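Presented below is the structure to which this report refers.
The values are calculated or read from the model by the stated rules, or taken from the named source; none is laboratory data. Just so we're clear, the structure is a prediction, and the values are computed from it rather than from any experiment.
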Amino acid sequence: MKNPDALLFGALAVLACGCYSWSTINTPVATGPLDGNPKFVQVTRTDATSVTLRDPVMSADSLVGQSYIRGQGDVRLAISKTDIKNLKTSTFSAERTVGAVVGIGAAAAFALYLALRNTDLWTTCTPSPC
């Protein structure tokens, strides 16, 4: 194996992605934090553009939060409720996490098998200690 750190990083990246998924929620009507107080929401506007807001709250008739914009950094955005087509929040997904763990484990076992099948390890060991 040329770079075991890259393989470990790749496995951790897949596990991190597998743990969460986006779930559609209703656009809130009341002023204040959103139900469940999510850290991030993904907003799809009626013009089909989308943006991810951090620390979102409803303020009067707008959804307000922080968003990263390249070249400007974090900026405060306010999106009118009438401009919101779809609203999603990131939620933990046990199914995706289990799938990622099982998939990575199976891939690692198969890679180990492929790496060891052509070595002398299988033929040099006898019932006595190697």
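Here are the numbers for this structure:
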read-out	value
The range 52-73: number of residues that are of a type in the set (D, E, K, R) and assigned to a strand (DSSP E or B)	2
Matching residues in the range 74-91 - criterion: being outside any strand (DSSP E or B) and of a type in the set (Val, Ile, Thr)	Thr82
Single match in Asp55, Asp74 (criterion: farther than 18 Å from Asn26 by Cα and assigned by TED's automatic domain parsing to the domain that holds Asn26)	Asp74
